[in-house]
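Chemist: Input: one structure, supplied below.
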Amino acid sequence: MKYPVVILAALFLSWPTGSEGAEPTVLVTREDAAAARRVVEAFHEVLLGCMKEADTLGFRGRYDRIFVALGESFDLPLMARAALGSTWKELTDEELDDFVDLSRRLSATRYADNFDSYEGQRFKTRQEKPAARGTILVMTELVQPDDDDVRFDYRLRKVKDQWRIIDIQLNSMISELAVRRGQYRSVVKREGFPRLVEVIESKIEELSSE
């Protein structure tokens with residue numbers, strides 16, 4: 001399993017990471033916290049299943065399962081817009097929809113490529129707590145028998161009465177979305193939005209070849 005690479009180049013929202021103490025929090029109920037936790041744990045179950053059945057499923061099988069799970073667990077439109085920054089305002093509705101789908105395919109491809117074997121790993125949920133702007137943090141760990149455990153902190157917000165993941169931090173330091181946003185802005189600034197689409201499509205093709 002090549003797993004830590006997922007975080008360094010995977011998903012999606014640049015929420016503040018070092019100054020949340022100054023941000024107001026919104027009270028959430030125990031039911032909200034439990035619902036957010038279920039979303040994260042359901043996603044983990046998909047990843048763990050892909051790891052355990054990696055050889056049987058193959059890359060395509062893992063990709064298909066994760067592609068569906070991303071749609072059920074993540075707020076993909078918000079993440080895509082946040083990753084693009086102000087660029088998304090310049091796009092047509094069709095272009096934005098296409099970019100949301102492209103981002104989803106990239107994420108599914110990266111997860112399928114990285115979560116490709118099982119060596120006794122398991123996910124453990126540590127706690128949930130309210131966070132800035134009405135979000136909830138679900139703090140988890142990937143327990144690895146033969147390696148250091150890795151911490152994943154998921155931030156979720158409520159979308160149409162459903163809790164959805166909007167960002168993930170690795171070991172409380174690296175925001176997936178902040179990384180992606182920096183990469184995307186750099187490409188768009190230098191070469192424009194069409195070039196960004198080409199770069200992402202090329203990466204998907206590269207990772208899809210087993």
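The values are calculated or read from the model by the stated rules, or taken from the named source; none is laboratory data. Quick caveat: nothing in here was measured; it's all calculated off a predicted structure. Note that we place each Cβ from the backbone using ideal geometry, even for glycine, and neighbour counts take in every protein chain shown. Protein only, heavy atoms only, side chains kept; ligands, DNA and RNA dropped before computing areas. Shrake-Rupley method; radii C 1.70, N 1.55, O 1.52, S 1.80 Å.
Chemist: Which condition number in (1) open to solvent by 10 Å² or more (accessible area, probe 1.4 Å); (2) closer than 22 Å to residue 162 by Cβ is the one that residue 80 fails?
Modeler: (1)
Chemist: Starting from region 58-83, take each residue that is closer than 14 Å to residue 103 by Cβ and list its partners that are among the charged types (D, E, K, R) and open to solvent by less than 30 Å² (accessible area, probe 1.4 Å), counting only C-beta distances under 7 angstrom and pairs at least six apart or across chains.
Modeler: Cβ pairs passing all conditions: 83/180.
Chemist: Tally time: how many residues in region 187-210 are open to solvent by 50 Å² or more (accessible area, probe 1.4 Å), closer than 19 Å to residue 98 by Cβ and free of Cβ contacts under 8 Å to residues at least 12 places away in the same chain? Can you show your working first?
Modeler: At the first step, the residues of region 187-210 found to be open to solvent by 50 Å² or more (accessible area, probe 1.4 Å) are 189-191, 194-195, 198-199, 201-203, 205-206, 209-210.
Now restrict to residues that are closer than 19 Å to residue 98 by Cβ: 191, 194-195, 198-199, 201-203, 205.
Imposing the further condition that a residue be free of Cβ contacts under 8 Å to residues at least 12 places away in the same chain reduces the set to 191, 194-195, 198, 202, 205.
So the count comes out to 6.
Chemist: Could you count how many residues in region 159-186 are surrounded by fewer than 17 Cβ atoms within 10 Å (Cβ to Cβ), charged (D, E, K, R) and outside any loop (DSSP other than H, G, I, E, B)?
Modeler: Taking region 159-186 first, the residues surrounded by fewer than 17 Cβ atoms within 10 Å (Cβ to Cβ) are 159-162, 171-174, 182-183, 185-186.
After this cut, where a residue has to be charged (D, E, K, R) as well, the list is 160-161, 185.
With the extra rule that they be outside any loop (DSSP other than H, G, I, E, B), the set shrinks to 185.
Adding up the residues that qualify gives 1.
Chemist: On the given criteria, is residue 125 surrounded by fewer than 13 Cβ atoms within 10 Å (Cβ to Cβ) and not small (Gly, Ala, Ser)?
Modeler: Spelling it out, it is not the case that residue 125 is surrounded by fewer than 13 Cβ atoms within 10 Å (Cβ to Cβ) and not small (Gly, Ala, Ser).
Chemist: Restricting the search to region 39-77, which residues are part of a loop (DSSP other than H, G, I, E, B) and either β-branched (Val, Ile, Thr) or open to solvent by 30 Å² or more (accessible area, probe 1.4 Å) (or both)? Steps first, please.
Modeler: At the first step, the residues of region 39-77 found to be part of a loop (DSSP other than H, G, I, E, B) are 53, 75.
If the condition is that a residue be part of a loop (DSSP other than H, G, I, E, B) and either β-branched (Val, Ile, Thr) or open to solvent by 30 Å² or more (accessible area, probe 1.4 Å) (or both), then 53 is the only one that fits.
Chemist: Additional query: Failed condition for residue 156, given (1) crowded, with 18+ Cβ neighbours inside 10 Å; (2) in contact with an Asp or Glu (Cβ under 7 Å, 6 or more places away or on another chain), with all others met?
Modeler: (2)
Chemist: What are the residue pairs meeting all of these: first residue in region 38-55, first residue closer than 11 Å to residue 112 by Cβ, second residue hydrophobic (A, V, I, L, M, F, W, C) and modelled with pLDDT under 95, Cβ atoms under 7 Å, and 6 or more apart or on different chains?
Modeler: Sorted first by the residue in region 38-55, then by its partner, the pairs are 47/115; 50/115; 51/1; 51/115.
Chemist: Restricting to region 97-138, give me the number of residues that are closer than 21 Å to residue 194 by Cβ and touching a Pro at 6+ places or on another chain (Cβ under 8 Å).
Modeler: Final tally of qualifying residues: 1.
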